[in-house]
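These notes concern the structure reproduced below.
Laboratory data are not the source of any read-out in this text; all were calculated from the coordinates shown. This is a predicted model, so every value here is computed, not measured. No Cβ is skipped: glycine too gets one built from the backbone with ideal geometry, and neighbour counts run over all protein chains shown.
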Amino acid sequence: MYRVFTRTWWGENPAWPNGLEPCPGKRHYHHVRFATEQEARAYCQQWSRTHTPGRLSRKCEFEEV
């Protein structure tokens, strides 16, 4: 089984040259599970097509459970 989540990859930090520092955020789980990696990957790709990552680079990912 695979579960899907979103999180940001950058955090605000005015001391860094571009105002951002690497900072993986808290995982926010979606209420879906998939039997195969291919299904989870397809879901994440579809989510990415309909959501902009923004300044903090919010991404959709999956993990095996």
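For region 47-65, filtering for residues that are free of Cβ contacts under 8 Å to residues at least 60 places away in the same chain and within 12 Å of residue 4 (Cα to Cα) leaves 4. Close contacts from region 4-19, counting a first residue that is on the phi > 0 side of the Ramachandran plot and a second that is assigned to a strand (DSSP E or B) and surrounded by fewer than 17 Cβ atoms within 10 Å (Cβ to Cβ), with Cβ to Cβ under 7 Å and a gap of 6+ residues or different chains, come to 19/12. Screening the chain for strands (runs of 3 or more DSSP E) wholly inside it with 1 or more residues that are surrounded by 12 or more Cβ atoms within 10 Å (Cβ to Cβ) and of a type in the set (Lys, Arg) returns the ranges 2-7, 28-34, 59-64.
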